[in-house]
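Heads up, the thing below is written out as structure tokens.
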Amino acid sequence: MATLAILFAVAALGPAAGLWLSWPSRRWAADAGVAVSAACWLAAAVLLDPGLRGSWLISGAVLIAAGIYIRFAIGRDAADTALLANRLSKREKDRTAIFANLKAAKERSRDIEVEQREVLALYGMVKGLSEAMTWADLRPKLEIAVSQYLRVETFAMYVVSGGEDVPLRPLVRRRIGNGLGSSWETVARHLQERGVSLTVPHVIEGSVPAVALPVFEAQKLMGYFYARIPADREPEQFLAKAQSFVDEISFAFQRIGLFQEVEKRSRIDGLTGVFRRGVFDEKLGEEFLRAKTFKTTFCVMILDIDKFKDLNDSYGHPFGDTVLQRVGEILRESVYETDVVARYGGEEFAILLPRAEPEGVLRKAEVIRSAIEAEVFELAMKRIQVTISTGVAHYPRDGKTADSIVKQADQALYHAKESGRNRVVDIEEMRKAK
């Protein structure tokens, strides 16, 4: 009886257990449950009293119906599960795509934000650079422009200096240190060793990658830009951006160059190449304040071409201009860089000599006088020579103000003219002669 009870229980619970184990789509578990239930049902049918087998057949039919229903339910659940899995898979794909699009949108938003900042930086850069009138004005604005637009901190900008020994001079050098880019000589040596033309923008490869490119305006070299490439930047893209940067700033270089040229021409006498009278007066005022403050000395020389009116009347104004031009050249070649040579009047010149000693000034004045006297001008088969007369005065020996020194030098010049021309007269000599 115990065996039959167990068989009855297993046969009754088999389909339910199979249904439970098979969820959601394990059909084999349902089949196994029905099979175990059927096996137990058959075993019980053999052991059962013959009088009860009719009822047992009815229970078997119920088991068969339960098995069919379980198969149907499992198939339906499997289909629903598969459909749900497909939907979940699609939803997950959609979710992944949404997150990917969102990430791309955020990255694009950041890129747009960076681009907007760069555009604003470019606008501010162009506006700021357009207001610069000198290299000193340009320098801080250029540093800001490079930092904001190119987002680089290690760079140098060189500008054309006009000198033959060092054709470009540093305008900005930021965090360069030593090595390539620290001076124009290092850049020029790199170009020469690599056989790279000065006019070609290029990427410098190596342990410290960088870009180097010229600044041109209307085919004229205005400067040269060197920048080390940040580690997170692609070299060729950085070079392209740097090229657009120098294209934008080239106008500012030209503008400053033109402004300096105009300023230079306004300060330089076009015929003789020396300073104009106004510049001399300005420099004299500055030197007077310096000498007064630091108890130093200076000298003023005033020179006049002898009988210049007769030269113009006899040989014409073009010849007179030639004489003035050559005298200006000799004066410029005869003084130090710290000395100031100016055209003081029509045929009159003035020289300001800071920290000059009387003996040295007289020697220099005699050298100038001799050089001009030795100069020969040829005109229509004639060899013409000119001479100058020179007056000299010193501060503070001969006066307490700048104007008084000029007046003393002019008085000495007048005495040189009166005493025969072609000579140098120091105002101190006149006082001693009295």
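The values are calculated or read from the model by the stated rules, or taken from the named source; none is laboratory data. Computed from a predicted model, the values in this text were never measured in an experiment. Note that each Cβ is placed from the backbone with ideal geometry, even for glycine, and that neighbours are counted across all protein chains shown.
Kindly indicate whether Val274 is touching a residue at least 60 places away in the same chain (Cβ under 8 Å), buried (at least 19 other Cβ atoms within 10 Å of the Cβ) and either of a type outside the set (Ser, Thr, Tyr) or over 17 Å from Thr154 (Cα atoms) (or both). Answer is yes for this residue. Counted as qualifying within region 332-429 are the strands (runs of 3 or more DSSP E) with 1 or more residues that are of a type in the set (S, T, N, Q), namely 382-385, 388-395. Annotation for region 249-269: at least one member residue is in a loop (DSSP other than H, G, I, E, B) and not assigned by TED's automatic domain parsing to the domain that holds Tyr344. For region 279-312, the candidate set comprises residues that are basic (Lys, Arg) and part of a helix (DSSP H, G or I); within that set, the residue that is surrounded by the fewest Cβ atoms within 10 Å (Cβ to Cβ) is Lys309. Checked against the criterion of being small (Gly, Ala, Ser) and out of contact with any Leu (no Cβ under 6 Å at 6 or more places or on another chain), the candidates Gly320, Gly270 yield just one match: Gly270. When the test is whether a residue is of a type in the set (A, V, I, L, M, F, W, C), surrounded by 12 or more Cβ atoms within 10 Å (Cβ to Cβ), modelled with pLDDT of 80 or more and not in a helix (DSSP H, G or I), Val146 does not pass it.
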